[in-house]
1. Just to be sure I understand the model, the point goes 7 Å from the Cα along the line to the Cβ. What's the resulting residue 222 to residue 203 distance in nm?
2. If the reach is capped at under 18 angstrom between alpha carbons, list the aspartates and glutamates near residue 54, excluding any in the same chain fewer than eight residues apart.
3. Given labels modelled 7 Å from the Cα in the Cβ direction, how far is it in nm from residue 51 to residue 192?
4. Two decimals is fine: what is log10 I(q)/I(0) at q = 0.11, 0.14, 0.15, 0.17 Å⁻¹ for the chain, from a Debye sum with one equal scatterer on every Cα and no solvent?
5. Using the Cα centre of segment 162-246 as origin and beta-carbon charges of +1 (Lys, Arg) and -1 (Asp, Glu), tell me which of 223, 165, 202 is placed farthest towards the positive end of the dipole.
6. Assuming R0 = 35 Å, can you tell me the calculated FRET efficiency for the pair residue 128 and residue 257, based on Cβ-Cβ distance, to the nearest 0.05?
7. How large is the translational diffusion coefficient of segment 64-120 in µm² per second when you combine the Kirkwood radius over alpha carbon pairs with Stokes-Einstein at 20 °C and 1.002 mPa s?
8. With a ≥ b ≥ c the root eigenvalues of the C-alpha gyration tensor of segment 1-125, is it rounded (a/c under 1.5), prolate (a/b larger than b/c) or oblate?
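Throughout, read-outs are computed from the coordinates displayed, never taken from laboratory work. Just so you know, these numbers come straight off a predicted model, no measurement behind them. Note that we place each Cβ from the backbone using ideal geometry, even for glycine, and neighbour counts take in every protein chain shown.
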Amino acid sequence: MIGILGVGAMGGAIAGTLARNFLDVCVFDLDAERVRRAVALGAVAVSDAETLVKTCDPVLVSLPKSETFVAVAQKTILPNARAGQTIIDLGTTIAEDARRLCARFAEKGAFLLDAPVSGGPIGSAQGNLFIFVGGDKDAAAAQWQLLGKIGKGRLTYCGPSGAGQVTKAVNQLAMGLVNAAYMESIAFGVKSGVDPMVLMAAVGGDGGFRQQFQQVVSRIVEGGGDGMDNKYAEFKYFLAEADRSGFPAPMMRSLYEYMHRFPETARDNMGRPYPPFWSPLIEGEGGAKK
């Protein structure tokens, strides 16, 4: 029986995808309504997380924050884990915490794979996620067919424990930092009196950087500038790894420090709060500070 601990937007859709592939799926979540939705998709519910860990192998964990996963892993999963069992963390977790917990599970003869995903709830429902896998190579190989059911986008073994989380960071930063750069360049033009539609016509295009520029300015024109979160909620995880490895991360650090000055009034696709970046660029910092 495959266990899924956490059946929110991502975990619930993953449960449905696995059930459609005729796999036996067992779920638990503190939110009873989420459990009911997963059961409607073909999963079986259990009464508590401890029961799920004790009866299922592997156990897929889909939780929204690094801090939440670490707490649940230490309090609930690790005490009930057994030799030969595999735990797969599908969330974004601080890489050093993944390494530390992997060593703790290994002491019990169990395996912890860090396998963060990219693709959102739609990718989860379609089984079309990108999955970045770190941890014991043989343990990962044993779960490869299962992960392939949800990772048709791209499934990659990245290296030892923590490598999946580092690769996920690269994925997020490649989106977040680049989007922020386009947003700043567009705001520069707008603040100097050029209409964003003119910027889109003059600089946008069908390929290369012009295509991505056009996508960003189109969202801004449509009123969605503050809906681009630049992956802010995860920056603190990535900065922790940068500090550990001695990497300066100048662009990420500067962007995080700038955005951190403003109220976290928006929510990303995982429901995590973040401070909008576009409004302070255009409207100025007065009245938006914490």
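1. Inter-label distance under the simple model: 1.9 nm.
2. Straight-line reach from residue 54, under 18 Å: 24, 29, 89, 107.
3. 6.4 nm
4. Treating every Cα as an identical point scatterer, log10 I(q)/I(0) equals -0.69, -1.02, -1.12, -1.31.
5. Farthest towards the positive end: 165.
6. For residue 128 and residue 257, the calculated efficiency is 0.50.
7. D = 189 µm²/s.
8. prolate
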